[in-house]
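There's a structure below that I have some questions on.
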Amino acid sequence: MPDISLTTVVLLCLAALAAGWIDAVVGGGGLLLLPALLLGLPAGTPAAHALGTNKAVAIVGTTGAAVTYARKAPVDVRTAVRIGLAALAGSSAGAFFAAGMSTEVLKPVIMVVLLAVAAFVILRPAFGTAPATGPATRRRILAAIGLAGLGIGFYDGLVGPGTGTFLVLALTAILHLDLVTASATAKIVNCCTNAGALATFAWQGAVLWQLAALMAVFNLAGGTFGAHTALKKGSGFVRIVLLTVVFALVANLAYEQWLA
């Protein structure tokens with residue numbers, strides 16, 4: 001455990017709780033959890049330790065949310081796992097290229113894409129609110145494996161922020177899922193990407209395991225509660241949270257690009 005005050009530990013645990021809830025509903029919990037770790041860890045702590053600890057915490061909450069969803073939502077687990085395995089490969093490739101590429105160039109592009117997505121969701125109130133239309137065709141499953149798996153998985157390894165949100169949007173659009181089922185499917189895919197990233201950070205010795213274990217308990221509680229909330233409130237509620245997270249992600253990227 002790093003040398004940090006009890007107050008900071010409590011605040012980090014509360015951040016993990018809130019991040020677990022946000023991530024379970026619509027993705028994007030890392031927008032809260034990672035900055036909290038970067039601010040809370042002692043000065044001079046390598047950024048890789050914050051990233052690794054973030055993954056160790058997040059995978060627990062994501063798994064809890066995935067299990068909760070799988071029990072109560074109509075999730076095609078087989079399809080989700082296939083997309084997840086593709087995402088695992090994509091994130092590994094993205095992490096490989098990340099070392100030699102400036103992500104600053106990509107951030108303005110991501111912001112434009114997110115704003116376009118927000119405009120689409122606002123102008124299409126029915127997006128993701130209709131029940132799933134039944135089993136997806138083979139062509140749509142392959143498209144989801146390519147875009148949501150390899151493509152967004154690559155982005156997760158290369159840049160990272162908002163991966164869960166992008167997954168929810170892509171799965172809703174490609175597989176014609178409602179937002180609740182898309183969130184459930186995204187959690188299973190996210191488990192795969194988090195596992196790959198965590199394995200890499202653990203191999204590098206960049207995980208603060210004691211702190212991660214404590215925060216993971218709160219993240220698990222938040223993730224489980226968030227999944228129950230999404231299942232109870234339905235797609236309309238998830239849509240509101242989705243737009244909130246999208247705008248928060250744009251603001252976060254803009255701050256990092258031009259103000260930080």
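Mind pulling the angle between the C-alpha long axis of helix 179-203 and the longest principal axis of the chain? Nearest 10 degrees, somewhere in 0 to 90.
With rounding to tens, the tilt is 30 degrees.
Quote the charge dipole size of the chain about the Cα centre in Debye, to the nearest 20; the model charges only the Cβ of Lys and Arg (+1) and of Asp and Glu (-1). Mind dumping the intermediate values first?
Numbers: 14 positive and 7 negative charges, 183 e Å.
Dipole magnitude for the chain comes out near 880 debye.
Ok, one more. Between Thr244, Thr62, Thr224, which gets the highest mean-square fluctuation from a Gaussian network model of the chain, Cα cutoff 10 Å?
Thr244
Putting +1 on Lys and Arg Cβ atoms and -1 on Asp and Glu Cβ atoms, find which of Leu38, Ser91, Tyr69 reaches farthest to the positive end of the dipole of the chain.
It is Tyr69.
While we're looking at this one, here's another question. Give the angle, between 0 and 90 degrees and rounded to the nearest 10, that separates the Cα long axis of helix 209-233 from the longest principal axis of the Cα atoms of the chain.
Long axis of 209-233 versus the principal axis of the chain: about 20 degrees.
Roughly to the nearest percent, how much of the accessible area of the chain is carbon and sulfur, given a 1.4 Å probe? Numbers along the way, then the final one.
Numbers: 8420 of 11930 Å².
Answer for the chain: carbon and sulfur cover 71 percent of the accessible area.
Here's a follow-up. What is segment 159-240 by shape, rounded, prolate or oblate, if you read a ≥ b ≥ c off the alpha carbon gyration tensor as root eigenvalues and call it rounded for a/c under 1.5, prolate for a/b larger than b/c, and oblate otherwise?
oblate
Also, I was wondering about something else. Using 1/(1 + (r/R0)^6) with R0 = 22 angstrom and r between the beta carbons of Ile122 and Leu259, what's the FRET efficiency to the nearest 0.05? Could you put the intermediate results ahead of the total?
Values: r = 26 Å, r/R0 = 1.17.
In this case the efficiency is close to 0.30.
Would you mind telling me which residue in Gly30, Gly153, Gly40 has the biggest mean-square fluctuation in a Gaussian network model of the chain, where springs connect alpha carbons within a distance under 10 angstrom?
Of the options given, Gly40 has the highest mean-square fluctuation.
Note the full-extension length gain between Ala199 and Ile4 as 0.36 nm times their separation in residues minus their Cα-Cα distance, in nm to one decimal.
Details: separation 195, 0.36 × 195 = 70.20 nm, distance 2.55 nm.
Extra length from Ala199 to Ile4 when fully extended: 67.7 nm.
Tell me the per residue accessible area of the chain using a 1.4 Å probe; a whole number in Å² is fine.
Values: 11930 Å² over 260 residues.
Per-residue value: 46 Å².
Among (1) 53, 37, 32; (2) 53, 38, 37; (3) 61, 41, 41, only one was calculated for this model; which label is it, if the read-out is Cα extents along the principal axes in Å?
(1)
Now for a different question. So what is the 222 nm mean residue ellipticity for the chain from helices alone, if each DSSP H run of at least 4 adds -39500 (n - 2.57) and you divide by all residues, rounding to the nearest 500 deg cm²/dmol?
On the way: 11 runs with 195 residues, N = 260.
Taking each H run of at least 4 residues, the total per residue is -25500 deg cm²/dmol.
Quick one: putting +1 on the C-beta of Lys and Arg, -1 on the C-beta of Asp and Glu, what dipole do you get for segment 120-260 around its Cα centre, in Debye to the nearest 20? The partial results should precede the final answer.
Details: 8 positive and 3 negative charges, 98 e Å.
Dipole size: approximately 480 debye.
The values are calculated or read from the model by the stated rules, or taken from the named source; none is laboratory data. Note that the structure is predicted; figures quoted are calculated from it, not measured. All Cβ positions, even for glycine, are placed from backbone atoms using ideal geometry, and neighbour counts span all protein chains on display. For the accessible areas, the whole protein counts, side chains as well, though only heavy atoms, and no ligand, DNA or RNA atoms are used. Shrake-Rupley method; radii C 1.70, N 1.55, O 1.52, S 1.80 Å.
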